[in-house]
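Q: I have a structure I would like to understand better, so I am pasting it below and will then ask my questions one at a time.
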Amino acid sequence: MTGRHPPASPEPGRGDPHVFLSLRQITKRFGHVTALDHISLDIAEGEFLCFLGPSGCGKTTLLRVIAGLETPDEGEIRLQEGRLDAVPARQRNFGVVFQSYSLFPNMTVARNVAYGLECRGWRGTRKDERVRAMLELVHLADQSDKLPHQLSGGQQQRVALARALAPEPKVLLLDEPLSALDAKVREELRGEIRDLQRALRITTVMVTHDQDEAMELADRIVLMNQGVIEQIGRAEELYEQPANRFVAEFIGRMNVLSGFGSAGEAGLIGVRPEHLELIDGAAAGADAIVGRIEKSVFLGSVTRLTLRAGDQRLVVELRGKPANAVPGATLAVRIPPQSVHRIRGAPP
């Protein structure tokens with residue numbers, strides 16, 4: 001598999017109860033640039049899906065197409081059995097949360113959450129009870145009378161979540177909602193988002209460029225590149241069974257090598273840095289890779305080394321801080337046969 005022909009979800013039969021949201025052959029062009037190239041994807045009800053990939057890969061465009069904020073040039077979208085691609089965004093009843101929060105600065109927290117309800121005709125006690133319930137859900141019941149500028153970034157994003165969830169949307173769409181927050185707040189809030197999604201059992205699609213975020217949150221990851229889907233699967237599937245070189249190198253770290261440990265077979269192989277085994281250089285056999293340490297970075301639980309072996313470089317991760325893991329030192333490692341990945345779709 002090269003990734004140029006995206007692996008679509010299996011074609012469901014009409015009335016398939018497991019498919020909630022279905023995209024078929026979605027194509028979107030901006031002038032001469034093809035942002036989405038015949039994307040097909042099925043999403044189950046209650047599933048948490050993450051669109052992951054580098055900048056410019058099409059993930060945000062795909063989310064905007066689902067939201068109705070962009071119109072595809074080709075293809076169709078179905079929500080259960082109904083065609084959705086011709087339905088205006090305001091009629092789709094999808095909750096959308098953006099990176100920028102987009103709160104009304106002159107409205108209190110409670111009024112911000114109530115705004116979407118009022119636009120949908122919610123009034124009186126029903127509206128007030130829903131606002132209170134949503135603020136309790138995001139742990140902001142005691143902040144209801146504050147204005148957005150009086151809140152932290154994490155609190156403002158919680159308000160945005162509460163506002164998106166208040167009208168009981170069919171689907172929740174999250175466009176890199178955590179990227180503007182600092183690392184610690186981001187880590188705390190992504191745990192809260194996952195807990196919310198599980199509690200409400202709402203179908204959720206999230207765009208992110210952060211692989212840790214996707215691996216922690218998603219039931220399945222949709223890894224995109226240059227307008228196509230490279231691979232769809234659970235985090236462990238993409239990590240342990242990458243479909244091609246792009247996936248292997250984007251998810252985690254992967255050494256891509258020619259010749260080493262391949263039992264004479266042609267082509268490239270991959271091995272994760274943590275799978276390389278440190279061996280005694282004096283007793284190294286034919287399967288040993290001996291090189292000079294160019295860089296050593298202590299990261300607490302592991303030390304990450306850059307090893308120069310001939311004309312190739314390897315990244316090696318060793319537990320703790322080995323005494324001999326210093327730049328200039330010679331190191332011998334081996335690749336366990338069971339840790340070898342055959343790399344396909346490698347560029348020339």
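Q: Against the condition within 21 Å of the chain's Cα centre (by Cα), in a loop (DSSP other than H, G, I, E, B) and at pLDDT 95 or above, how does Cys57 come out, does it pass? Show your work before the answer.
A: Numbers: within 21 Å of the chain's Cα centre (by Cα): yes; in a loop (DSSP other than H, G, I, E, B): yes; at pLDDT 95 or above: yes.
For Cys57, the condition - within 21 Å of the chain's Cα centre (by Cα), in a loop (DSSP other than H, G, I, E, B) and at pLDDT 95 or above - is met.
Q: On to the next question. I'd like the full set of residues that are surrounded by 18 or more Cβ atoms within 10 Å (Cβ to Cβ) and more than 16 Å from Gln99 (Cα to Cα), limited to segment 187-203.
A: Within segment 187-203, Leu196, Gln197, Ile202, Thr203 meet the criteria.
Q: While we're looking at this one, here's another question. Any idea which of (1) at pLDDT 95 or above; (2) in contact with a helix residue (DSSP H, G or I) (Cβ under 7 Å, 6 or more places away or on another chain) is the one Val185 doesn't satisfy?
A: Only one criterion in (1) at pLDDT 95 or above; (2) in contact with a helix residue (DSSP H, G or I) (Cβ under 7 Å, 6 or more places away or on another chain) is unmet by Val185, namely (1).
Q: Just name the residue that is surrounded by the most Cβ atoms within 10 Å (Cβ to Cβ) out of those in segment 209-261 that are touching a Phe, Trp or Tyr at 6+ places or on another chain (Cβ under 7 Å) and among the hydrophobic types (A, V, I, L, M, F, W, C).
A: Result: Met224.
Q: Taking the condition at pLDDT 95 or above, crowded, with 21+ Cβ neighbours inside 10 Å and under 22 Å from Arg90 (Cβ atoms), does Leu135 pass? Give the steps one after another, and end with the answer.
A: Working: at pLDDT 95 or above: yes; crowded, with 21+ Cβ neighbours inside 10 Å: yes; under 22 Å from Arg90 (Cβ atoms): no.
Against the criterion (at pLDDT 95 or above, crowded, with 21+ Cβ neighbours inside 10 Å and under 22 Å from Arg90 (Cβ atoms)), Leu135 does not qualify.
Q: Now a separate question. I want to confirm something. Restricting to segment 88-112 and keeping residues that are part of a helix (DSSP H, G or I) and touching a Ser or Thr at 6+ places or on another chain (Cβ under 8 Å), which single residue is surrounded by the fewest Cβ atoms within 10 Å (Cβ to Cβ)? Steps first, please.
A: Keep residues of segment 88-112 that are part of a helix (DSSP H, G or I), which gives 89-91, 109-112.
From the residues that got through so far, the ones that are touching a Ser or Thr at 6+ places or on another chain (Cβ under 8 Å) too are 109-110.
Details: Val109: 28, Ala110: 21.
Here the answer is Ala110.
Q: Regarding segment 117-128, can at least one residue be identified that is assigned to a strand (DSSP E or B) and among the aromatic types (Phe, Trp, Tyr)? First the steps, then the outcome.
A: Taking segment 117-128 first, the residues assigned to a strand (DSSP E or B) are none.
The answer is no; no qualifying residue exists.
Q: Taking the conditions exactly as written (assigned by TED's automatic domain parsing to the domain that holds Gly116 and without any contact (Cβ under 8 Å) to a residue 24 or more places away in the chain), does Arg158 satisfy them or not?
A: Details: assigned by TED's automatic domain parsing to the domain that holds Gly116: yes; without any contact (Cβ under 8 Å) to a residue 24 or more places away in the chain: no.
No.
Q: Filter segment 140-172 down to the residues that are under 25 Å from the mean Cα position of the chain (by Cα) and over 22 Å from Trp122 (Cα atoms), then identify the one that is surrounded by the fewest Cβ atoms within 10 Å (Cβ to Cβ).
A: Only one residue tops the list, namely Ser152.
Q: Identify the single condition in (1) part of a helix (DSSP H, G or I); (2) modelled with pLDDT under 95 that Ile66 does not satisfy, given that it satisfies every other one.
A: Evaluating Ile66 over (1) part of a helix (DSSP H, G or I); (2) modelled with pLDDT under 95 leaves (2) as the failure.
Q: Between a residue in segment 186-204 that is touching a residue at least 40 places away in the same chain (Cβ under 8 Å) and any residue that is in a strand (DSSP E or B), which pairs come within a Cβ distance under 6 Å, given they are 6 or more apart or on different chains?
A: Cβ pairs passing all conditions: Gln197/Phe48; Gln197/Thr204; Ile202/Leu172; Thr203/Val171; Thr204/Phe48; Thr204/Leu172.
The values are calculated or read from the model by the stated rules, or taken from the named source; none is laboratory data. Quick caveat, the model's predicted, so the values are computed rather than measured. Heads up, the Cβs are rebuilt from the backbone with ideal geometry, glycines too, and the neighbour counts pull from every protein chain shown.
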